Amino acid sequence: MAVLNEEQEMLRDMARDWATNESPVTEFRKVRASGEPHAYNTDAYATMAEMGWAGVIIPEEHGGSDFGFLSAGLVVEELGKTLTASPLVATTIAASAIVLGGSDEQKAKWLPKLASGETVATLAIDEGAHHDPSAIETSVSGGKLTGKKAFVHEAHGADLFVVAAKDGLYLVEKGDGVSLTTRKLTDQRSHADMNFDGAAAEKLEGGGDSLLDDVLDRARVLTAAEMLGMAQQVFDTTLDYLKQRVQFNQVLATFQALQHRMADLFADLAQMRSAVEAGLQAVDGGFGVAHAATIAKAEANRVLHTISNQGIQLHGGIGMTDEYDVGFYLKRARVLESAWGSSSYLKDRYAKLASY
Amino acid sequence: MATQLEPDIHADEDAFRTEVQQFLAANFPDELKNKGNALAGVDGPTDETPAMTAWREAVGERGWGTPTWPKQYGGGGLTKAQAKIIDQEFAKAGAYNPIGGMGVMMFGPTLLEYGSEEQKMEHIPPICRGEIRWCQGYSEPNAGSDLANLQTFAEDKGDHYIVNGQKTWTSGGQWADKCFAIVRTDKSDKHRGISFMLIDMDAPGVEVRPITMISGTSPFCETFFDNVKVPKANLVGEEGQGWTIGKRLLQHERTNISGGGRLASMMGQSLGDIAKKYGETDAAGELADKVLRDKIADFEIRWNSFLLTARRAVEESKAQGGVSEISSVLKKLGTKLSQERSELLIEIRGLQGLGWEGEEFTDGELEAVRGWLFGKATTIYGGSTEIQNNIIAKRVLGMLDHQ
């Protein structure tokens, strides 16, 4: 765990208490059972926003607390531990696009509403099943945006979309010319293919040529923070289980084969935490962001992949049941591994950044 | 001089920095610039030139090779901040620390903690001056990972012991003046029957035979003790306390193996850059061998997250005032990754990367081959990876022993 200041510790403790007491995995089960397409509890999200969590990276003048990405990551990590379904990550990433690229008017119009939770926003970048920001066909002509976006996170609940077109990022409001088709994925969260057909669009003119990459790097580190919470939770739950489950008249935790596997996972998790926290800190520090964010998401992908698989294996048969939570982490894990860069995408990006 | 209740730390540090710079200007011989310290390695000494001797004596006299050790035993008696300044200024000047070896890395810190006043006065000052080489008498043919199974026996003869037995993997044993050893003083108790004592390597009955390793080098020895007389004054701590003291010393060893700057400097050059020299690149300037490129990136990402973990362990230790729980994983991760890097380096160079000798190979290529082979030892010594896994599982994760 990175060394935190007092504000950050308070924020993390508050998020931990709330997630543990008010938003355990049973709450996610309720969301799933409700079958509602937006797939989160709107009252719970309103409470989260009231606690200030939607404004952690938003400047104070626009209604946020401007604590930065490490702080936002602490909250997201705690929520990831209990699989709390909410548009917090999507909205925070979309807000960062406006913070980086928005005009004063755009900031004044949207950031206070995002910070208060009144407006939900999300990124719409990719046009296929794989993350590929170099293959964007969406175009804008005369302020009207046309194109298709695939597997947009939190699309059903979103009022505002930050959409990648060939020549940059645009803000598009829900409404005329915007339609969606639900794509139900294993994580039972909100995903949709979107069709923008001459939808009114306003360009984010600021942020320079690297705006899209900068926003995606923020998406990568914050998604990695959610994955870190999930990996930590699966590890902790699995360790507890090994200490309780008895076979051959021994608790499983006494078997050396399992001890060594857990030692390996513990080391993996240590690397993942270091990489993710360093990624968040790099965004706050504004130095070496692309490199650090690539490492953060690549390590998050690698380690959560392994831990989510081992979580099932080490639980044995009970891990295969819907009644037990560990399977939910596996099903969310793969969706997030794919988001904003699979392992192969990120390795290619790492090599490109290092000029080989 | 007036006594200051609250000294101006920054002014003091600036003054000290100037003092170090002046010392370097006056004492560091140009001809040694960017050379390594022969005494610090286990590959054996090179003959000391007069310049090297003068440099060792100059640093040793001030205790600056062991800057934070107490002054009364020959250390520098300096603060950590001052020690850092010495590091920085030496590095800037291309000067090596001529005081090193196992005496500095492992034995000295342990003796300062457990030794008697007489022992500290006798043994620490020569370490600080770089006059004495120490070696480690721990492993035996039947006591490797199960170290407490050691059988070398020290029989009580009143004012001295008579030691019989065999040690192995004695790093630098052929060049050492003295040996810190754990030996059995009681055959009835596995752990509490072990004592920590100091043995002169030139005492009658000590025989050393270098072991040739797969890398072709002989950094390790077998050491035989045949009725070797060891005065009781050379017992460190109490009889039976050797296991406790010996384990404490191993913590210093692990810190040195995993976190060491040696590892970091070894990893300096990007494998991608090396691969571009040895292989084809495509129109985009990328490695044409995409499979290899993927392997290199995969490795370098994990290597980066290891470095970040090492840094985090230091930050956490400082903030908590104790050892971070992730320190336990550093040895395991660092050694595994450095082995992986050596393997990748061979894959990048092909057969040009497997040269044993000959002018057709560069020094760098030949060193990498020997390093690859010798590096296999890193996951075995200092507590093998399997032992580290036991430690992590039991001490950190609270997984129990078989009942």
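The values are calculated or read from the model by the stated rules, or taken from the named source; none is laboratory data. Nothing here was measured: the structure is a model prediction, and the numbers come from that model. Every residue, glycine as well, gets a Cβ built from its backbone with ideal geometry; the counts of neighbours run over all protein chains shown.
Out of all the residues in segment A:278-290, is one or more hydrophobic (A, V, I, L, M, F, W, C), within 18 Å of A:Glu78 (Cα to Cα) and assigned to a helix (DSSP H, G or I)? Spell out how you get there, then give the answer.
Kept after step one, since they are hydrophobic (A, V, I, L, M, F, W, C), are these residues of segment A:278-290: A:278, A:280, A:282-283, A:287, A:289-290.
Filter once more, so that each one left must be within 18 Å of A:Glu78 (Cα to Cα): A:278, A:280.
Now narrow it down to the ones that are assigned to a helix (DSSP H, G or I): A:278, A:280.
Yes; the residues of segment A:278-290 include at least one that is hydrophobic (A, V, I, L, M, F, W, C), within 18 Å of A:Glu78 (Cα to Cα) and assigned to a helix (DSSP H, G or I).
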Is it the case that A:Thr42 is under 21 Å from A:Gly157 (Cα atoms), surrounded by 23 or more Cβ atoms within 10 Å (Cβ to Cβ) and of a type in the set (Val, Ile, Thr)? no
Subset of segment A:152-203, residues in contact (Cβ under 8 Å) with a residue 24 or more places away in the chain, part of a strand (DSSP E or B), over 19 Å from A:Leu336 (Cα atoms) and of a type in the set (Gly, Ala, Ser), comes to A:Ala164, A:Ala165, A:Gly168, A:Gly198, A:Ala199, A:Ala200, A:Ala201
Those residues of segment A:64-122 which are surrounded by 24 or more Cβ atoms within 10 Å (Cβ to Cβ) and charged (D, E, K, R), in sequence order: A:Glu77, A:Glu78, A:Lys81
Anything in segment A:239-265 that is touching a residue at least 24 places away in the same chain (Cβ under 8 Å) and either within 18 Å of A:Thr20 (Cβ to Cβ) or not in a helix (DSSP H, G or I) (or both)? List them, or say none. A:Arg245
Since A:Gly229 meets every condition but one in (1) surrounded by fewer than 24 Cβ atoms within 10 Å (Cβ to Cβ); (2) assigned to a helix (DSSP H, G or I); (3) more than 8 Å from chain B (Cβ to nearest Cβ), which condition does it not meet? (1)
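Could you tell me whether segment B:356-365 includes any residue that is buried (at least 16 other Cβ atoms within 10 Å of the Cβ) and away from chain A (no Cβ under 14 Å)?
Filtering segment B:356-365 for residues buried (at least 16 other Cβ atoms within 10 Å of the Cβ) gives B:361, B:365.
From what is left, the residues that are away from chain A (no Cβ under 14 Å) are B:361, B:365.
For segment B:356-365, residues buried (at least 16 other Cβ atoms within 10 Å of the Cβ) and away from chain A (no Cβ under 14 Å): present.
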Given (1) surrounded by fewer than 19 Cβ atoms within 10 Å (Cβ to Cβ); (2) within 14 Å of chain B (Cβ to nearest Cβ), A:Arg220 misses just (1)
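Could you pull out the residue among B:Ala11, B:Ala15 that is modelled with pLDDT of 85 or more and farther than 30 Å from B:Trp169 by Cβ?
Numbers: B:Ala11 fails: modelled with pLDDT of 85 or more.
One residue alone meets the criteria, B:Ala15.
Assess whether B:Thr185 counts as being touching a strand residue (DSSP E or B) at 6+ places or on another chain (Cβ under 7 Å) and modelled with pLDDT of 95 or more. Can you show your working first?
Details: touching a strand residue (DSSP E or B) at 6+ places or on another chain (Cβ under 7 Å): yes; modelled with pLDDT of 95 or more: yes.
It is true that B:Thr185 is touching a strand residue (DSSP E or B) at 6+ places or on another chain (Cβ under 7 Å) and modelled with pLDDT of 95 or more.
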Could you please let me know if A:Gly319 is more than 14 Å from chain B (Cβ to nearest Cβ) and farther than 19 Å from A:Phe69 by Cβ? yes
Taking the options A:Leu280, A:Leu265, name whichever one is under 28 Å from A:Thr186 (Cα atoms), touching a Leu at 6+ places or on another chain (Cβ under 7 Å) and either at pLDDT 95 or above or basic (Lys, Arg) (or both). A:Leu280
In segment A:336-356, residues that are surrounded by fewer than 17 Cβ atoms within 10 Å (Cβ to Cβ) and either of a type in the set (A, V, I, L, M) or under 17 Å from A:Ala225 (Cβ atoms) (or both) total 2
If you go through B:Ala310, B:Ala297, the only one that is of a type in the set (Gly, Ala, Ser), in contact with a Gly (Cβ under 8 Å, 6 or more places away or on another chain) and at the interface with chain A (Cβ under 7 Å from one of its Cβ atoms) is B:Ala297
Suppose we filter A:Ser308, A:Ser355, A:Ser344 for residues that are part of a helix (DSSP H, G or I) and within 10 Å of chain B (Cβ to nearest Cβ); which single one remains? A:Ser344
Residue count for segment B:94-121, restricted to those that are more than 28 Å from B:Phe196 (Cβ to Cβ) and surrounded by fewer than 18 Cβ atoms within 10 Å (Cβ to Cβ): 1
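Taking the options B:Gly103, B:Gly144, name whichever one is at pLDDT below 90 and closer than 22 Å to B:Ile182 by Cβ. Quick ask: steps written out before the conclusion?
Details: B:Gly103 fails: at pLDDT below 90.
B:Gly144 is the lone residue from the list that is at pLDDT below 90 and closer than 22 Å to B:Ile182 by Cβ.
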Criterion (aliphatic (A, V, I, L, M), modelled with pLDDT of 85 or more and either surrounded by fewer than 18 Cβ atoms within 10 Å (Cβ to Cβ) or more than 30 Å from B:Gly334 (Cα to Cα) (or both)) met by exactly one of B:Ala283, B:Ala275, B:Ala264: B:Ala283
Starting from residues that are farther than 30 Å from A:Asp214 by Cβ and charged (D, E, K, R), keep the ones in segment A:241-295 and report whichever is surrounded by the most Cβ atoms within 10 Å (Cβ to Cβ). A:Asp264
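So which of B:Glu365, B:Glu360, B:Glu325 is more than 23 Å from the chain's Cα centre (by Cα) and at pLDDT below 95? Walk me through how you get there before you give the answer.
On the way: B:Glu360 fails: at pLDDT below 95; B:Glu325 fails: more than 23 Å from the chain's Cα centre (by Cα).
Going through B:Glu365, B:Glu360, B:Glu325 in turn, the sole match is B:Glu365.
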Inter-residue pairs, beta-carbon under 6 Å, first closer than 15 Å to B:Thr66 by Cα and in segment B:103-118, second among the charged types (D, E, K, R) and in a helix (DSSP H, G or I), 6+ apart: B:Met106/B:Glu253; B:Thr110/B:Arg248
